[in-house]
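The values are calculated or read from the model by the stated rules, or taken from the named source; none is laboratory data. Not measured: the values here are computed from a predicted model. Because the Cβ atoms are built from the backbone with ideal geometry, glycine has one as well, and the counts that use them run over all protein chains shown.
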Amino acid sequence: MYFGGTMELNALRQFLVVARLEHLSRAADELRVAQPSLSRTIARLESELGAPLFDRSGRLRLNDAGRVFRAHVERALGELQAGRRAVAEATSQGLGTVRLASETFLTLTGPLAAYKRDHPSVELELHWSPADDMARRLRAREVDLCVASQPVHGEGLEAVRLFDDPVGVAAPLGHPLAGRTSVGIHELADQPFVTAREGHWLRRLLDRLFAARGLTPKIVCESDEHSAIADLIGAGLGIGLVPSFARRLGERAPVAWIPVDSPDCRRTVTLCWGAGSRLSTAARLMRSTITGWDWGTGEPA
């Protein structure tokens, strides 16, 4: 198979979607193509490579060969996209575009505002992304930079620590915990929790803290909107974990913030990018703005 034509590039892009979802019908729906056509595309790709890329006994699973091939395809298509952006930047008078992914942008409002003020001609794209997907998106050059509140695993990445943030318990003002100076995890065992959905750093932290003590949190509400969690807690639906940084920004909800008596109830916020990747001028300026930010004062360092 010659990988230079449009059909072949489409086949590679379709393979990445199937590899990510490991489900043909869902991949076909996302790609908006017929499932039989997608199956034929994958079969032709496997025939040309001379090896199956998926195990088909039961549920579709990417095999070892498929994982090796996926890494190369992500890099190849990422380089192609980077080349297109480099040409666009070289032939235009502006600084180009920067694409930033994060699990929550509440943390980044200060540096984002400063960046946009200093570089008004830059087109800024913000993408919500779970940490599990950040390494793939960086390798595929779908985004330039990622800010994560939990470890991002994967080869070919560089990262810099931005700040370490204690995470406490938020409770409604009339709650029995509201006047406490600290609280232990075991004391929270029977409390109703408002938290994020599975995969979000806040939910992973909650599950990890409880599992380490043989406990399971009592979750009464899951929210996709991180900023809504404090509002729901303030409305009396339950308690929840809230980072100290959000508390410093001044949550509008009427809640009390109580430190947790556990050294592992915290998050480490990092900035990640692809090792050896050629960042655009806009992305390099964004990296400098974020790494140079004084997270204690909320101002440029």
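Suppose the filter is modelled with pLDDT under 95, touching a strand residue (DSSP E or B) at 6+ places or on another chain (Cβ under 7 Å) and over 22 Å from Asp165 (Cα atoms); does Ala235 pass it? Outline the logic, then answer.
Values: modelled with pLDDT under 95: yes; touching a strand residue (DSSP E or B) at 6+ places or on another chain (Cβ under 7 Å): no; over 22 Å from Asp165 (Cα atoms): yes.
No: the conditions fail for Ala235.
Of the helices (runs of 4 or more DSSP H) lying entirely inside segment 9-119, the ones with 1 or more residues being at pLDDT below 85 are found at 64-90. When you scan segment 206-222, do you find a residue that is touching a Cys at 6+ places or on another chain (Cβ under 7 Å) and surrounded by 14 or more Cβ atoms within 10 Å (Cβ to Cβ), even just one? Scanning segment 206-222, I find at least one residue that is touching a Cys at 6+ places or on another chain (Cβ under 7 Å) and surrounded by 14 or more Cβ atoms within 10 Å (Cβ to Cβ), so the answer is yes. Arg248: at pLDDT below 95, under 26 Å from Ile290 (Cα atoms) and of a type in the set (Lys, Arg), yes or no? Yes: the conditions hold for Arg248. Of the candidates Thr291, Thr270, Thr297, the single residue that is modelled with pLDDT of 85 or more and surrounded by fewer than 18 Cβ atoms within 10 Å (Cβ to Cβ) is Thr291.
In segment 47-72, the residues that are more than 18 Å from Asp133 (Cα to Cα) form Cβ pairs under 6 Å with partners that are of a type in the set (A, V, I, L, M) and surrounded by fewer than 15 Cβ atoms within 10 Å (Cβ to Cβ), at six or more places apart or across chains, as follows: Glu48/Met1; Ala65/Ala51. Can Asp264 be described as loosely packed, with under 13 Cβ neighbours inside 10 Å and either part of a loop (DSSP other than H, G, I, E, B) or not hydroxyl-bearing (Ser, Thr, Tyr) (or both)? The answer is yes for Asp264.
Restricting attention to segment 139-168, report how many residues are under 13 Å from the mean Cα position of the chain (by Cα), closer than 26 Å to Val73 by Cα and either charged (D, E, K, R) or modelled with pLDDT under 90 (or both).
Residues of segment 139-168 that are under 13 Å from the mean Cα position of the chain (by Cα), as a first pass: 142-153.
Narrowing further to those that are closer than 26 Å to Val73 by Cα: 142-148, 151-153.
Add one more test, that the residue is either charged (D, E, K, R) or modelled with pLDDT under 90 (or both), and what stays is 142, 144, 151-153.
The number of residues fulfilling the criteria is 5.
Within segment 135-184, being part of a strand (DSSP E or B) and of a type in the set (Lys, Arg) holds for one residue alone: Arg161.
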